[in-house]
Amino acid sequence: MTSPQETPDRPRRGLAEKRQAIVRAARTVFGRDGYTRASIDAIAAEAGVSTRTIYNHFAGKELLFRTVVRESSAQVGEAQLDIIDRRLGKVTDLEADLTAFALAWLTPLAEFADHFGLVRQINAEARHLPKSALDAWQEAGPRRVLAALGQRFGELAGQGWLETPDPGRAAAHFVLLTTTEVAQRSYFGAYPLARAETEEIVVAGVRAFLRAYAAPRR
């Protein structure tokens, strides 16, 4: 028998689950159709709810889109922060560890395919998107993660592995040299590169980075 104390929680759980279903459906529809072409009707159909239900949770398409990109970006960001902690927590061989880190950094392209479908649409439609949504996406994910990588590179500089007066800039250069080409050439995971090709790009990028930033070893 259900206790009276449990009863008030049921509507709240139901609302939270419905909201999650709406956000998941919106991520799918926005990633497939883009912001401009996506409709609340299509999102409602994908989520299996009425349009009224969506408007009970979100004031309109712009707020829903901003919520989707912020939450999706934050989820991917958490995965990338975990990769920084696991792969760069303790460095023993700088080139090998940075190479393994960069390859791991690319795994979210496949693991979060819906998110990177959104990224493709954002890149295609940036001029037509609400600036608040673009800022929410960057702050929740890319900027936060790059700041964390810069902090870790600063620690590696303090340990004598890297030589840089600006660890944040070094982090940006590292990403550009190692993973950006793979992401762009694969259209953010839509057409994955062969493993050997990915490794070739990453290894070359890590070596270029080290020529610029590796500290002289005694």
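Here, each number is a calculation from the coordinates, and none is a lab measurement. Source: prediction; values computed, not measured. Cβ sites come from the backbone with ideal geometry, for glycine too, and all protein chains shown count toward neighbours.
Cα atoms only, the chain: Rg and Dmax in Å?
For the chain, the Cα-based Rg and Dmax read 20.8, 72 Å.
Just to be sure I understand the model, the point goes 7 Å from the Cα along the line to the Cβ. What's the resulting Ala74 to Glu197 distance in nm?
3.6
For the chain, what does the helix formula give at 222 nm: sum of -39500 (n - 2.57) over DSSP H segments with n ≥ 4, over the residue count, nearest 500 deg cm²/dmol?
That comes out to -23500 deg cm²/dmol.
What percent do you get for the relative contact order of region 4-213 when only Cα pairs under 8 Å and 6+ apart count?
22
Zone of Glu155 (label point 7 Å along Cα→Cβ, backbone N under 14 Å): which residues in region 61-102?
Residues 81-92 qualify, since their backbone N sits under 14 Å from the label point.
Roughly how many nanometres apart are two label points built 7 Å out from the Cα toward the Cβ at Ala45 and His128?
Label-label distance for Ala45 and His128, simple model: 1.9 nm.
In straight Cα distance, which lysines are under 23 Å from Lys131, not counting same-chain residues fewer than 8 positions off?
Lys61
Using label points projected 7 Å from each Cα along Cα→Cβ, tell me how many nm separate Ala190 and Arg211, to one decimal.
It works out to 3.3 nm between the two label points.
Separation of region 143-172 and region 199-218 by C-alpha centroid, Å?
14
Express the relative contact order of region 122-218 as a whole percentage, based on alpha carbon pairs under 8 Å and six or more residues apart in sequence.
Reported relative contact order: 25 percent.
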